[in-house]
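Reading through the structure tokens given below for one structure.
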Amino acid sequence: LSALIDTMHLELLTTPDYEDREVTGCYIGDLLSWVMGRAKPQDVWITVMSNVNIVAVATLSDAACILVSENVPIEQEILQKANAQDVVIARSPLPSYELGVAVHEAAGI
């Protein structure tokens, strides 16, 4: 995950320890219940969702990180909860599809 964040020049919004997190896949989705049932552990989860429930979904699915596309703003309350629950949230200006392609290429998955 660390190499992915550096290579893609992602904006890191939270501060959990992430250097040793492995990325094995990528999931793009905005319907939280759908993501919970389909994202795999260690996936980079790409979304435009910006409510506090994204932290719970990332925790339940054991996502490597939440990657917010299109520079969607994330409230401080969500970032605090993510830090408390060891959830990495990063952001990019790219649309979700382009971000997914970039993750695939950068992570070699």
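A few points about this structure:
- Just one of the listed residues (Thr14, Thr59) is polar (S, T, N, Q), open to solvent by less than 80 Å² (accessible area, probe 1.4 Å), part of a loop (DSSP other than H, G, I, E, B) and at pLDDT 95 or above, namely Thr14.
- Odd one out for Asp20 among (1) open to solvent by less than 60 Å² (accessible area, probe 1.4 Å); (2) part of a loop (DSSP other than H, G, I, E, B); (3) modelled with pLDDT under 95: (1)
- Test result for Ile28, crowded, with 19+ Cβ neighbours inside 10 Å and under 11 Å from the mean Cα position of the chain (by Cα): yes
- Test: residue in region 65-77 that is open to solvent by less than 30 Å² (accessible area, probe 1.4 Å), within 12 Å of the chain's Cα centre (by Cα) and over 20 Å from Tyr97 (Cβ atoms): no
- Taking the criterion of being within 16 Å of Gly25 (Cα to Cα) and open to solvent by less than 50 Å² (accessible area, probe 1.4 Å), the residues of region 40-56 that qualify are Asp43, Val44, Trp45, Ile46, Thr47.
- Of residues in region 92-103 being part of a helix (DSSP H, G or I), open to solvent by 50 Å² or more (accessible area, probe 1.4 Å) and of a type outside the set (Asp, Glu), the one farthest from Asp6 (Cα to Cα): Tyr97
- Within region 80-91, the presence of at least one residue that is open to solvent by less than 20 Å² (accessible area, probe 1.4 Å), in contact with a Leu (Cβ under 6 Å, 6 or more places away or on another chain) and touching a residue at least 12 places away in the same chain (Cβ under 8 Å) is confirmed.
- Flag if Glu19 is in contact (Cβ under 8 Å) with a residue 24 or more places away in the chain, closer than 22 Å to Glu105 by Cβ and over 10 Å from the mean Cα position of the chain (by Cα): no
The values are calculated or read from the model by the stated rules, or taken from the named source; none is laboratory data. Here the structure is a predicted model, which is why all the values come from computation and not from measurement. With ideal geometry, Cβ positions are generated from the backbone for all residues, glycine too; neighbour counts draw on all protein chains shown. Accessible surface is based on the protein model in full, side chains and every heavy atom, while ligands, DNA and RNA are left aside. Shrake-Rupley method; radii C 1.70, N 1.55, O 1.52, S 1.80 Å.
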